[in-house]
Amino acid sequence: MSKVIAIALKDIKIRSSGKTELLFFLILPLIFTVLLSGMLSGSGSNKVVMVVVDEDNTALSQKLVSLLQASQVVAPSLMTRESAQKTFDKGNAAAILIIPSGMEASLKSGQAVALDFNQNPTNNNGLAAQQEVQKVVSQISRSLATGQTDFTSAPTRIIITQPANTLKTQNQKETQAAQASAGELIIWVFIPLLGTSELMASERVWGTLRRLVTSPTRKPTFLLGTITGQFSYGFVQMLVLVLVGVVLLKVPWGQNPLALLLLLISFGLAAVAMGTMLGTFTRSPSQASGLSIALGMVMGLLGGCMLPIEVFPPAVANAVKVLPTTWAMMGMTQLTVYNAGLMEILPYAAVLLGFALVFFVVGILRFRYE
């Protein structure tokens, strides 16, 4: 164990000795997080996809649908219940709204009406869809109350119901801050941990690994020390960026500490394991460095760290689930936006640990001293 610690401390010292390390460790992540927390919004040209089921098919229900279709925020598709549910279950829509049969008759008789609304908990834009539906419902309710429709005796409100297990969400501004905080954390930690490959390539070039052959240090000891050092450094960086998100942006990172700890550890292991594997495929430090940056940026973009994954076509959004950054981002979205607990985070952590296991196995099998 003393050898593992010595190797880990050596690697940490090498990594932290660079003059620009503080720039990449904290300054740039902080700048990008603050900037993106104010730039991300749901009011861009990409409307939120949602599906609507009109089982009432009356003048009032058609008015509700037409108001949603005229919205600058959502792009509703009118479907049958079966088709709408399949689309929603596949993750191809941020939300589903069901207008029940008998809505007009119930309003005419003075009864309250409940609209069935459900949003995808892994889709940040579901909140924007919910807010737009509430806006349209309020508009219709005001119209009913002022007698601007044929139902002058109708109640002034229409109730929007959601499933009992729907996780608590935040307002749009808080969601943007959470998206930026989580996304930048993933990118700025993921790329340096992929840089484990550069360290391993450097060790080969310097001849350190060849000298290990003649020493009592075994291959597993060296790998464990390298992984421990890189992971520890990345974990400290994650904690610092989480603290920045809590203090500056009021992101609720700490509401479920155990879930947060599990997710950070799982992501860190997946990232350093991928860096270890990458180090067995690269021949030089410069090649490893360039590949780490390129892969980190591309996987961060496709994983939803820079832009919400919902802006991608459905086929792309499903395809990128083969990336660890996607699962890390989905898990952190659950944690910071929907206040998920440990049980809700377990699936995301399990997938990330699965990535880590596969990457570690490949890295160990391909490890070479020269």
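Do we have any residue at all in segment 138-152 that's among the basic types (Lys, Arg) and either at pLDDT 80 or above or crowded, with 17+ Cβ neighbours inside 10 Å (or both)? I'd like the intermediate steps shown before the answer.
Of all residues in segment 138-152, those among the basic types (Lys, Arg) come to 142.
Okay, now just the ones that are also either at pLDDT 80 or above or crowded, with 17+ Cβ neighbours inside 10 Å (or both), so none.
No; the residues of segment 138-152 include none that is among the basic types (Lys, Arg) and either at pLDDT 80 or above or crowded, with 17+ Cβ neighbours inside 10 Å (or both).
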(message) Return the pair list, or none, for Cβ contacts closer than 6 Å from residues in segment 52-77 that are over 17 Å from residue 100 (Cα atoms) to residues that are open to solvent by 10 Å² or more (accessible area, probe 1.4 Å) and part of a strand (DSSP E or B), at least 6 apart or on different chains.
(response) 69/76; 75/49
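Name the single residue, out of those in segment 295-314 being among the aliphatic types (A, V, I, L, M) and within 22 Å of residue 127 (Cα to Cα), that is least open to solvent (accessible area, probe 1.4 Å). Steps first, please.
Start the filter on segment 295-314 by keeping residues that are among the aliphatic types (A, V, I, L, M), which leaves 295, 297-299, 301-302, 306-307, 309, 311.
From what's left, within 22 Å of residue 127 (Cα to Cα): 301-302, 306-307, 309, 311.
Working: 301: 67, 302: 59, 306: 50, 307: 80, 309: 31, 311: 59 Å².
If we take residues in segment 295-314 being among the aliphatic types (A, V, I, L, M) and within 22 Å of residue 127 (Cα to Cα), then 309 is least open to solvent (accessible area, probe 1.4 Å).
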(message) Against the conditions (1) in contact (Cβ under 8 Å) with a residue 40 or more places away in the chain; (2) under 19 Å from residue 235 (Cα atoms), where does residue 314 fall short? Just the number, please.
(response) (2)
(request) Could you please let me know if residue 26 is at pLDDT below 80, of a type outside the set (Lys, Arg) and open to solvent by less than 70 Å² (accessible area, probe 1.4 Å)? (result) yes
(request) Considering only residues that are more than 19 Å from residue 134 (Cβ to Cβ) and among the hydroxyl-bearing types (Ser, Thr, Tyr), look in segment 59-91 and name the one that is farthest from the chain's Cα centre (by Cα). (result) 80
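Which is in a loop (DSSP other than H, G, I, E, B), open to solvent by less than 10 Å² (accessible area, probe 1.4 Å) and closer than 17 Å to residue 194 by Cα, of 326, 282? I'd like the intermediate steps shown before the answer.
Working: 326 fails: in a loop (DSSP other than H, G, I, E, B).
After ruling out the rest, the residue left standing is 282.
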(request) Please tell me if residue 185 is of a type in the set (A, V, I, L, M, F, W, C), within 31 Å of the chain's Cα centre (by Cα) and modelled with pLDDT of 75 or more. (result) yes
(message) Looking at residue 292 and the list (1) open to solvent by 20 Å² or more (accessible area, probe 1.4 Å); (2) touching a helix residue (DSSP H, G or I) at 6+ places or on another chain (Cβ under 7 Å), which single condition is not satisfied?
(response) (1)
(message) Take the conditions closer than 24 Å to residue 37 by Cα and modelled with pLDDT of 80 or more and apply them to residue 104. Does it pass?
(response) no
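What are the residues in segment 29-71 that are of a type outside the set (Val, Ile, Thr), under 30 Å from residue 237 (Cβ atoms) and either surrounded by 15 or more Cβ atoms within 10 Å (Cβ to Cβ) or modelled with pLDDT of 90 or more (or both), if any? Working first, answer last.
To start, the set of residues in segment 29-71 that are of a type outside the set (Val, Ile, Thr) comprises 29-30, 32, 35-47, 50, 54-57, 59-64, 66-71.
Next, from what is left, pick out any that are under 30 Å from residue 237 (Cβ atoms): 29-30, 32, 35-42.
Of everything in segment 29-71, those that are of a type outside the set (Val, Ile, Thr), under 30 Å from residue 237 (Cβ atoms) and either surrounded by 15 or more Cβ atoms within 10 Å (Cβ to Cβ) or modelled with pLDDT of 90 or more (or both) turn out to be 29, 30, 32, 36, 37, 40, 42.
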(message) Go through segment 329-370 and report how many residues are in contact with a helix residue (DSSP H, G or I) (Cβ under 8 Å, 6 or more places away or on another chain), assigned to a helix (DSSP H, G or I), within 30 Å of residue 203 (Cα to Cα) and at pLDDT below 90.
(response) 3
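The values are calculated or read from the model by the stated rules, or taken from the named source; none is laboratory data. Not measured: the values here are computed from a predicted model. Quick reminder, even Gly has a Cβ in these numbers, built from the backbone with ideal geometry, and neighbours come from all protein chains shown. SASA here: full protein model, heavy atoms, side chains in, ligands and nucleic acids out. Shrake-Rupley method; radii C 1.70, N 1.55, O 1.52, S 1.80 Å.
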